[in-house]
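See structure below.
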Amino acid sequence: MKQFIVALSLVVLVTLAASAQDDPLPDSVSQAYLAYENAMAAQDYVAASEAARAAWQAARDERIDAGLIGILAENYGNLALRRGLPEEAYPAWRSAAEISDRLRASQTERATRWYQASLSAFANGDIRDARQCSLRASRSVGGREDSVAPSLAGDIHYMVALSSGQLGRLRTMSGHAALALEAFEASGRSPDRVLANAHYLAGVGQYFEGERLDALYNFHISRSMFASVEAAGADTDNVRTTTAWIQLARGAATAEDRALVDARIAASAYPETGAHPSWSDREGANIYDVDAVVAGTRAQPRYPVRAAEAGIDGIVVVRFDVTESGRTDSATVVAAAPGGVFDDETLQAVASWRYEPAQIGGQAVRRVGLLTQFQFTMCELPTAWQCRMQSEAEAEADAE
């Protein structure tokens, strides 16, 4: 990403200099811009950032050509991000993106600027703005001869998926995670945390929509990638989370379906069979099936009022034990999308459950490490496809 930003800055310098020769800039703009050029040449990025901001402000005050204002905004947005000032970068990149839309610039320019605006907003913790900007960037992906490069398209769809997941728009997350994976494959992206997380987001979305075998495949690939790129290898939070999903999904699948997924994994570019013997999810997977314990009382969690009012969907995976007396114990949330929204209500429900104790040889025994999942959705349409169409329409409205 840093190389891309630096290359873009060099193009900006040439473009503005050429334009200035044809139509001289007001002194307030040209002097600030010259200070920017000199600071960039000296690699003094603090001074360059201040000069870039001054040039952008002067250009707006002087109401010069909109295209040049967009270039100056882009200059400042670049440097603000480089300096770790996303709150400063966001309005600059958004201004540049809006100018690109107004001038009907190339798809690549519009997609790049809206994507950079989404990155800035996300880094600043403004997830809703990040989602809106990334959705607008996604409108410029594909469809014409000047369509954007697959690598950028993948980054854009990934940002839509990531921000949508954090806001409980799981169907939008699912669709754009799948598009991100297609684009990353087309660009030949090597395994990294982004690619691993894209597989994870796709898996969560597919599980939520009932596509359990595709979800299981993506969870396996995600875990394999996380284990290969993270320093701690097989023992990281990401690996443990994906393992929980795998255990849950494999426990609910038939032996035939598990074999089909295993064959697909083995034929993929990221086979993991035998890579980590500690991942005990292949043999005896049904021990993770919570329905193997006879339920006496299983209350469902309440839908949090604020989440319902906001139309937030969610999915939560809980691991718990069942004691010798049939009570639940040690319940913990091991995965949730979005995080922290449905956790409390879910744990309260699990705490109230009662079971017929499991027995071995007539003796009640404790069951440990049971997994279950809860889904929360405000969509009342009869099929997942109709809910997806409704979600896409909502995403289009959110991008406005």
field: Per-residue HN-Hα couplings for region 36-52 [Karplus 6.51, -1.76, 1.60; θ = phi - 60°; Hz; x = Gly/Pro]
entry: 5, 4, 5, 5, 5, 4, 8, 6, 9, 6, 5, 5, 4, 5, 5, 5, 5
query: Put a dot 7 Å past each Cα toward the Cβ at Glu324 and Ala266; how far apart are the dots in nm?
result: 4.3 nm
task: Scan around Ile315 for amide H atoms under 5 Å from its own, H built in the peptide plane at 1.01 Å from N, and keep only partners 5 or more places away or cross-chain.
output: Ala337, Phe376
field: Under Karplus coefficients 6.51, -1.76 and 1.60, residue-wise ³J(HN,Hα) of region 298-306 in Hz, glycine/proline x
entry: 9, 5, 8, x, 6, 7, x, 4, 5
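To the nearest 0.05, how large is the calculated FRET efficiency for Ser28 and Asn124 if R₀ is 30 Å and r is the Cβ-Cβ distance? Present the calculation step by step, with values, prior to reporting the outcome.
Details: r = 29 Å, r/R0 = 0.96.
After rounding, the FRET efficiency stands at 0.55.
Could you tell me what fraction of 2.2 N^0.38 Å the Cα radius of gyration of region 73-195 comes to, as a two-decimal ratio?
Details: Rg = 13.6 Å, N = 123, 2.2 N^0.38 = 13.7 Å.
Ratio of Rg to 2.2 N^0.38 Å for region 73-195: 1.00.
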statement: region 42-89 and region 308-352 have their Cα centres apart by a whole-number Å value of 47 Å
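What net charge do the residues around Ala331 carry, taking every other residue with its C-beta under 15 Å from that of Ala331, with Lys and Arg at +1 and Asp and Glu at -1? Don't skip to the answer; put the middle values down first.
Working: positive: Arg298, Arg319, Arg327, Arg354, Arg366, Arg367; negative: Asp321, Asp329, Asp343, Asp344, Glu345.
After counting each charged neighbour, the total is +1.
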Hz values of 3J(HN,Hα) by residue in region 191-205 - Karplus curve (6.51, -1.76, 1.60), Gly and Pro given as x: x, 8, 5, 5, 5, 4, 6, 4, 4, 5, 4, 4, x, 4, x
task: Would you mind calculating the gained length between Arg298 and Gln359 on full extension (0.36 nm times residue separation, minus the Cα-Cα distance), in nm to one decimal?
output: 20.0 nm
- prompt: Out of residues 5 or more away from Ala331 or on other chains, whose amide H comes under 5 Å of its own, with H placed 1.01 Å from N in the peptide plane?
  reply: Asp321
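Values in this text are rule-based calculations from the coordinates and carry no lab data. Just so we're clear, the structure is a prediction, and the values are computed from it rather than from any experiment. Cβ sites come from the backbone with ideal geometry, for glycine too, and all protein chains shown count toward neighbours.
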